[in-house]
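J.: Can you keep this structure in mind? I'll have questions shortly.
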Amino acid sequence: MTDSLFESCIGQIRCGDKTGLRKIYDEYGKIIYSVMLTAVKNSHDAEDLTSDFFLKLWEKLADTYKSGGGHKRWLTVTAHNMAVDFLRRKNRVQLVSDDEEQDFPEPVSDENTEEAVIGSMSVKEALECLKDDEREIVNLKLYADLTFKDIAFTLNKPIGTVAWKYRTALSKLGKYIKEVQKL
């Protein structure tokens with residue numbers, strides 16, 4: 001979705017027309033869910049937060065959007081901040097328990113290592129070999145389809161650190177896949 005189309009949808013929301021909200025949801029619903037899931041590490045909470053996000057977008061968030069700032073970045077940063085606020089309110093630990101199931105949306109990227117991860121094993125199993133910060137970056141890159149610049153902005157980390165951690169994570173995933181394929 002282009003910035004001008006997004007701004008048009010925001011204008012529709014501000015005028016009480018749900019068509020704009022529907023267009024934004026159709027385009028970015030999976031990305032917002034992915035951002036929420038990456039942060040809260042629980043599919044039920046991520047679903048609830050995604051619904052809350054679009055409800056708040058309808059009720060008041062649309063009024064806070066300033067044109068020209070990059071709508072995708074604004075959406076993902078706002079979603080991430082909502083998830084962090086949720087975790088703070090619930091005073092939750094961000095680690096996923098071993099027996100907790102996660103449902104990840106379909107990946108967007110089709111790079112060789114990423115395809116091998118998806119084809120060789122479950123996403124959850126593959127991502128367990130990564131550190132938490134690496135897993136978060138990989139999730140935002142693959143599932144939210146964010147650029148390194150947007151991920152750096154969302155996580156408040158230097159872009160070089162984000163790119164380095166992503167490459168390191170892909171290397172780890174590649175090694176893990178080779179080990180699994182040998183078995």
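J.: Got a number for residues in segment 140-175 being part of a helix (DSSP H, G or I) and over 21 Å from Ala83 (Cβ atoms)?
T.: Of the residues in segment 140-175, the ones part of a helix (DSSP H, G or I) are 140-142, 148-155, 159-175.
In the following step, the residues that additionally are over 21 Å from Ala83 (Cβ atoms) were identified as 159-160, 163-164, 167-168, 170-175.
Looking only at that region, the number is 12.
J.: For segment 117-131, name all the residues that are modelled with pLDDT of 80 or more and either open to solvent by 40 Å² or more (accessible area, probe 1.4 Å) or in a helix (DSSP H, G or I) (or both).
T.: Correct list: Lys131 only.
J.: Related question: From the list Lys157, Lys141, pick out the single residue that is surrounded by 12 or more Cβ atoms within 10 Å (Cβ to Cβ), over 20 Å from Lys30 (Cβ atoms) and at pLDDT 75 or above. Steps first, answer last, please.
T.: Numbers: Lys141 fails: over 20 Å from Lys30 (Cβ atoms).
From the options Lys157, Lys141, the qualifying one is Lys157.
J.: Can you tell me how many residues in segment 20-50 are surrounded by 14 or more Cβ atoms within 10 Å (Cβ to Cβ) and either within 21 Å of Arg89 (Cα to Cα) or among the acidic types (Asp, Glu) (or both)?
T.: Residues flagged as surrounded by 14 or more Cβ atoms within 10 Å (Cβ to Cβ) and either within 21 Å of Arg89 (Cα to Cα) or among the acidic types (Asp, Glu) (or both) within segment 20-50 amount to 19.
J.: Go through segment 9-19 residue by residue and tally those that are without any contact (Cβ under 8 Å) to a residue 24 or more places away in the chain and surrounded by 15 or more Cβ atoms within 10 Å (Cβ to Cβ).
T.: 2
J.: If you go through segment 53-68 one residue at a time, how many are out of contact with any helix residue (DSSP H, G or I) (no Cβ under 7 Å at 6 or more places or on another chain) and either at pLDDT 85 or above or not in a helix (DSSP H, G or I) (or both)? Talk me through it step by step, then tell me what you get.
T.: Filtering segment 53-68 down to residues out of contact with any helix residue (DSSP H, G or I) (no Cβ under 7 Å at 6 or more places or on another chain) leaves 55-56, 59-60, 64, 66, 68.
Checking the rest, the ones that are also either at pLDDT 85 or above or not in a helix (DSSP H, G or I) (or both) come to 55-56, 66, 68.
Count: 4.
J.: Right, another one. Just a yes or no: is a residue in segment 74-84 modelled with pLDDT of 80 or more, at positive phi and either in a loop (DSSP other than H, G, I, E, B) or open to solvent by less than 30 Å² (accessible area, probe 1.4 Å) (or both)? Please lay out each step first, then the result.
T.: Taking segment 74-84 and keeping what is modelled with pLDDT of 80 or more, we get 74-84.
Among the residues that remain, those that are also at positive phi are: none.
Within segment 74-84 (the criterion being modelled with pLDDT of 80 or more, at positive phi and either in a loop (DSSP other than H, G, I, E, B) or open to solvent by less than 30 Å² (accessible area, probe 1.4 Å) (or both)), the answer is no, since none of the residues qualifies.
J.: Looking at segment 30-48, can you tell me whether even one residue there is modelled with pLDDT under 90 and more than 23 Å from Leu140 (Cβ to Cβ)?
T.: No, because not a single residue in segment 30-48 is modelled with pLDDT under 90 and more than 23 Å from Leu140 (Cβ to Cβ).
The values are calculated or read from the model by the stated rules, or taken from the named source; none is laboratory data. These numbers were taken from a predicted model, which means no experiment stands behind them. Positions of Cβ are generated from backbone atoms using ideal geometry, with glycine treated the same way; all protein chains shown enter the neighbour counts. Note: accessible area is taken over every heavy atom of the protein model, side chains too, but ligands, DNA and RNA are not part of it. Shrake-Rupley method; radii C 1.70, N 1.55, O 1.52, S 1.80 Å.
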